[in-house]
1. Taking every pair of Cα atoms in the range 401-518, average 1/r, invert it to obtain the Kirkwood radius, and report Rg/Rh to two decimals.
2. Could you tell me the relative contact order of the range 3-63? Use alpha-carbon pairs under 8 Å, at least six residues apart, and round to a whole percent.
3. In whole percent, what relative contact order does the range 319-421 give with Cα contacts below 8 Å and a gap of six or more residues?
4. Would you mind ranking ASP4, ASP327, ASP14 so that the residue whose beta carbon has the fewest other beta carbons within 10 Å leads the list?
5. Please state, rounded to one decimal and in Å, the Kirkwood hydrodynamic radius that the range 543-662 gives when every pair of distinct Cα atoms enters the mean of 1/r.
6. Taking neighbour counts of Cβ atoms within 10 Å as a proxy for exposure, in what order, fewest first, do THR375, THR628 appear?
7. Cα-based count: Lys pairs in the range 319-421 below 21 Å, eight or more positions apart or different chains?
8. Based on a Kirkwood Rh over C-alpha pairs, give the Stokes-Einstein translational diffusion coefficient of the range 85-315 at 37 °C and viscosity 0.692 mPa s in µm²/s.
Amino acid sequence: MNKDAASEIRDLTDKINYHNYRYYVLDDPEISDSEYDRLFDRLVELEKQHPELQLPDSPTQRVGAAPSEKFEQIKHSIPMLSLNKSLSKQEFLDFDKRIRTELAGDNESIRYVTEPKLDGLAVEVVYKNGILTVASTRGDGITGEIITDNVRTIRSVPLRLMANDPPSLIEVRGEVVITKADFAKLNKTREKNGEDLFANPRNAAAGSLRQLDPKVTASRPLLMLAYEVGKIEGVNLKLHSETLEYLRTLGFRVSDLIRINSSADEVAKRYDEFLEKRAMIPFDVDGMVVKIDSYRHRRKLGELSRSPRWAIAWKFPPEQATTIIEDIKVQVGRTGILTPVAHLKPVRVGGVEVSRATLHNEDEVKRKGVMIGDTVIVQRAGDVIPEVVKPIVEKRTGSEKPFNMPRKCPACGSTVVKDTDGVYVRCPNPHCPAQVVERIIHFVSKSGVDVDGLGSRLIEKMVEQGILKDPADVFFLTSEKLLTMERMGEKLAGNILESIEKSRKPDLAHLIHALGIRNVGEHLASVLARRFNSIENLSEAPVEKLAEIDDIGPIVARSTREYFDRPETKRMIDKLVEGGMVFPHEESSVRNEPLKGKTFVITGTLENYSRSQAKKLLTNLGAKVTSTVSKKTDFVVAGANPGSKYLKAQSLGIKIIDEQEFLKIISE
């Protein structure tokens, strides 16, 4: 062993880790970037010469390991529980009253710690003898996915704890987030590269952590804020506030907005301060977490099956903003429906910059009394798309103009027609370029055949240039064709072609949905897939047989039959086969459907599944999944940031279940 090299590697590793801490955690660097680069380059050089001497906490590991095939799972030693929610001051006061009743007679004073409810992805990082050994997602609270190589790339996560005598074991829990400023830079870069933009910082952080290639994670500006510990050995901590300070000494970044409060009134004031300063907080928050400070009190209060009795998340109300409708333009959808869309003076609402909001249809515009030039209130709550709440009539100047639905399609000039129900206006031309674009976007979407990298702007340009004329043309794309597009590099083109190759073997439900049959959404696509088992069987089914199926009915039966009777449909299906698509033949529809007759609504963000994956799990068990809450809804599955559907379910007395209960239902 080369003792001099080993000593220098140890010294450089310690120095670089210290300077990473100064820069990424304390935001107080001591050396210049060039000096840091010199140290880092020297360490890389030594590790190349002596790979056997690389240390487990070497900062060179942050660049990312080799891509993995899949994420392995790990069981948390102590469950990572979700929090009960408070949506009003009264609900928090009820929580406080219960706490004080249950701790009555205890001599220790009750203190609350208030923290920002971070809107990111919860993780757990485990250290043994001061060295990071494993990192995982929260998962369902019991079991998470191992993402150690990805978390190593986050500079604010210490690879070795900054303590001379670290605990023999400590499980640190925190939230991985992206600041608003870094999110804006990230999306600007993606726009320049012709990539799809992230919807919000939370999606960007969650998507970055769940990359199979850690090098992708390493390229993203992720930050971890520690807020709790799981199992800890070798240290005796009595207060949560004490623990947070201890985590700072170990090298973790902890929010500066955490406060200790001695009464419910203080907590309420803190909530008002959070709400007032919400826009100025550097990262997205969707509420305030209130926790009992004393661990002895926590043990007394105990836990429910899915949440602690000693903490609550006091959620912020739906965020609203005031802006101006600069114009109302008509958007043509894949089925030809003309939808008025309000083009807004850009405004940030609910963590997202909003510049457009749907007005649904001509009747909705009239009902709300919205005019071009109006000052309006817009809102975005949880997973709800931006909407115009109402115009502020008092601010009208007389220059506002009424909106009238055009008589000609703005994309192709065809004379529009009204549907028989008189609600929607439709372009009857199936070759309308706007419809073609929307059909292709729908076809390649995640709820369709799922082609990653083909964003809406790229599809628009390829339709304009005649490269794509229908969805089947996607399977005839080549590297040469893609490289003719602006801002298209060889790497991006290769990724798109790789994704197209995978999409040639879709499951039947996703394929049926991708075809864009009028009135057939994800749920009905799953119903048809279970009933007919193949596209061939479905395409030959008579109207009468279709109409007999539960949930289908005469309208969907007719539109499905009409779709397959069109000559252009047969041409496209033949073209899909020619392009290499493998049409699935699935198992018989005679199966156990324990959730048949039950209606679910999914709201908020789930940790373990995308919305489409959760829908598929439910529909495979016979359930119906809808997008709106009504008296017919049996269950509302509420993930993070559940939004207005959660509130509506509460008002209707509908059973609300969290992700853990959802997982229990589908596993049973």
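1. 1.05
2. RCO, the range 3-63: 46 percent.
3. 25 percent
4. Sorted ascending by nearby Cβ count, the order is ASP4, ASP327, ASP14.
5. Kirkwood hydrodynamic radius for the range 543-662: 16.9 Å.
6. Details: THR375 17, THR628 9.
Fewest-to-most ranking of THR375, THR628: THR628, THR375.
7. For the range 319-421, qualifying lysine pairs total 22.
8. The diffusion coefficient I find is 174 µm²/s.
A short reminder: the numbers here are calculations on the coordinates, not readings from a lab. Because the structure is predicted, anything quoted here is derived from the model rather than measured. Here the Cβ is made from the backbone with ideal geometry for all residues, glycine too, and neighbour counts use every protein chain on show.
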